[in-house]
Amino acid sequence: MIRLVIPEELARAVGATPSIRAADAQNLFDCLGTLENRYPGLRRRLLEVDGFVRQHLNVFVNDRLERGRDARTIALCDGAEVWIMRAVSGG
Amino acid sequence: MDTLLAVGTMKGLFRFLSRDDGATWTLAGVDFKEEPVYTALFDDRTSTLIASPQSFFYGPQVARSKDLGETWDTSATPPAYSESDAEKVTRLWALAKGPEDEPNVLYAGVEASGLFRSEDAGGTWQEIESLRTHPTHDTWAAGFGGKCLHTIVIDPHSAGRIMIACSTGGAYRSDDGGKTWAPKNKGVRVDFAPEGQNFPESGQCVHKVAGSPSLPGRMWMQNHGGVYRSDDAGDTWQDVGQTLPSDFGFGLVTHPTRPDTAFVIPLAADEYARWGPGARLTVWHTDDAGETWAERSTGLPDPAYVGVLRDGFRGWGSDPLHLALGTTSGGLYTSADEGRTWSEVAQHLPRILFVGAWSIAR
């Protein structure tokens, strides 16, 4: 299982809790694709239509900030912990 | 009737209500406090207030409320271009009701400039691709505000006729419900092109276009340079702004029953400060189709180092027409007598991007 931690106001907007359990996936794009069925609107809020992480969000995987913006290139290992946080650049 | 004044700012949507025909206002609520709100619409066909908060973090949203903003539903899927598109939808600039006999049809103008249509009251959106595939699309570019389609005018006199305006890009009209489009910029000046190239087919920096509900074919335009009138639905434009203190401005209001009446807010064109000439915030009006203009600004601050953006000026009602304007420094003013006198509603709001005003049945 993967644990995903998202901002509280985002969780409220999509009917989720800030800590989400998700099935194992190879990358963040696939993970969010699976979660979209449970939480409609989650993926479009986190990713641009081309699959890139939105500009003012930061993604940490197992405590490491992922610099790549294409969610397909953000690899997730089994049991990964993913924190998606609002960046200070956003306001 | 109550009046709802929805004020979109850089940090949220401020909702004011009046129960005495605009004499006094009460702040009913502040929504989307973290987010710019560039546009909103009250759709009286479905009694729905629609707004587009522009989250810095999560992108543009479409929010809908059935209780005048007390609660919001943000589950709508906002307009978006396809994954392979070179452009992205980064902001919503305009919302417009479809024809009266299609109560679930809405239109949205977006950045990067494009037009979307919804057939389910804003829940989902489909691009009207024929506009961005027009051969002149490569003449469109970004102004200081971005590359935006900011104005949608559904012609009440001619079924299927839609006028849109982009900055920069110009005005375009469809006479077949959006299947095909033609640039409608004949006579509109471009000051930012070399000598001899000042009247192109497209590429103008149109700031606002408004139609006349009472006279078919009558339209008004506030351009980056020039205030224009058309009597043939935009086929040709006549410059009627030469006697204004400045023919640069953004906001434009037309009168619902007097087609020769219009209101503009001149801003300094010869400098990039973009406040009024002489640092005065003034509204100018014409009652003779632009032949002459007169100032109406009693009650507005003077001096005022502020501007009014393209959607910061609105009218509602008809006899008399009420007006509201919101400034770049967060001042909100209304007039209940067609601009002769103005009253302060609020000060120190965030930078005002949008003012919408609607009469609401109790």
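Across the stretch B:73-84, the number of residues qualifying as touching a strand residue (DSSP E or B) at 6+ places or on another chain (Cβ under 9 Å) and at the interface with chain A (Cβ under 10 Å from one of its Cβ atoms) comes to 7. Would you pick out the residues in the stretch A:28-48 that are surrounded by fewer than 18 Cβ atoms within 10 Å (Cβ to Cβ) and either touching a strand residue (DSSP E or B) at 6+ places or on another chain (Cβ under 6 Å) or more than 9 Å from every other protein chain (Cβ to nearest Cβ) (or both)? Listed by number, the residues that qualify are A:Asp30, A:Gly33, A:Thr34, A:Glu36, A:Asn37, A:Arg38. Checked across the stretch B:86-99, the condition of being within 14 Å of chain A (Cβ to nearest Cβ), in contact with an Asp or Glu (Cβ under 6 Å, 6 or more places away or on another chain) and touching a residue at least 40 places away in the same chain (Cβ under 8 Å) holds for at least one residue.
Anything in the stretch B:249-280 that is farther than 16 Å from B:Glu338 by Cα and part of a loop (DSSP other than H, G, I, E, B)? List them, or say none. Break it down stepwise before answering.
At the first step, the residues of the stretch B:249-280 found to be farther than 16 Å from B:Glu338 by Cα are B:249-250, B:266-280.
Passing the criteria: B:Ala268, B:Ala269, B:Asp270, B:Glu271, B:Tyr272, B:Ala273, B:Arg274, B:Trp275, B:Gly276, B:Arg280.
Of the residues screened, B:Gly29 is not one that is within 14 Å of chain A (Cβ to nearest Cβ) and either surrounded by fewer than 20 Cβ atoms within 10 Å (Cβ to Cβ) or touching a helix residue (DSSP H, G or I) at 6+ places or on another chain (Cβ under 7 Å) (or both).
It is to be established whether one or more residues within the stretch B:102-111 are over 18 Å from B:Gln61 (Cα atoms) and in contact (Cβ under 8 Å) with a residue 40 or more places away in the chain. Yes, there is a match, as at least one residue in the stretch B:102-111 is over 18 Å from B:Gln61 (Cα atoms) and in contact (Cβ under 8 Å) with a residue 40 or more places away in the chain. Selection over the stretch A:66-81 of residues that are modelled with pLDDT of 95 or more, under 16 Å from A:Phe52 (Cα atoms) and away from every other protein chain (no Cβ under 14 Å) gives a count of 4.
B:Val62 fulfils the conditions (1) within 23 Å of the chain's Cα centre (by Cα); (2) surrounded by fewer than 20 Cβ atoms within 10 Å (Cβ to Cβ); (3) farther than 18 Å from B:Gly326 by Cα except for a single criterion, (2). When B:Gly312, B:Gly299 are checked against the criterion of being buried (at least 22 other Cβ atoms within 10 Å of the Cβ) and among the small types (Gly, Ala, Ser), B:Gly312 stands alone in meeting it. Candidates are the residues of the stretch A:74-91 that are of a type outside the set (Gly, Ala, Ser) and free of Cβ contacts under 8 Å to residues at least 40 places away in the same chain; the one that is surrounded by the most Cβ atoms within 10 Å (Cβ to Cβ) is A:Cys77.
Name the residues in the stretch B:255-277 that are surrounded by 23 or more Cβ atoms within 10 Å (Cβ to Cβ) and within 21 Å of B:Leu353 (Cβ to Cβ), would you? If the condition is that a residue be surrounded by 23 or more Cβ atoms within 10 Å (Cβ to Cβ) and within 21 Å of B:Leu353 (Cβ to Cβ), then B:Phe263, B:Val264, B:Ile265, B:Pro266, B:Leu267, B:Gly276 are the ones that fit. Please verify whether the stretch A:12-19 includes one or more residues that are among the β-branched types (Val, Ile, Thr), surrounded by 14 or more Cβ atoms within 10 Å (Cβ to Cβ) and within 11 Å of the chain's Cα centre (by Cα). Looking through the stretch A:12-19, none of the residues is among the β-branched types (Val, Ile, Thr), surrounded by 14 or more Cβ atoms within 10 Å (Cβ to Cβ) and within 11 Å of the chain's Cα centre (by Cα). Residues satisfying the criterion are absent from the stretch B:283-290 (criterion: closer than 29 Å to B:Asp319 by Cβ, assigned to a strand (DSSP E or B) and of a type in the set (Gly, Ala, Ser)).
The values are calculated or read from the model by the stated rules, or taken from the named source; none is laboratory data. Since the model is a prediction, treat every value here as computed from it, not as a measurement. Neighbour counts run over all protein chains shown; Cβ positions are idealised from the backbone, glycine included.
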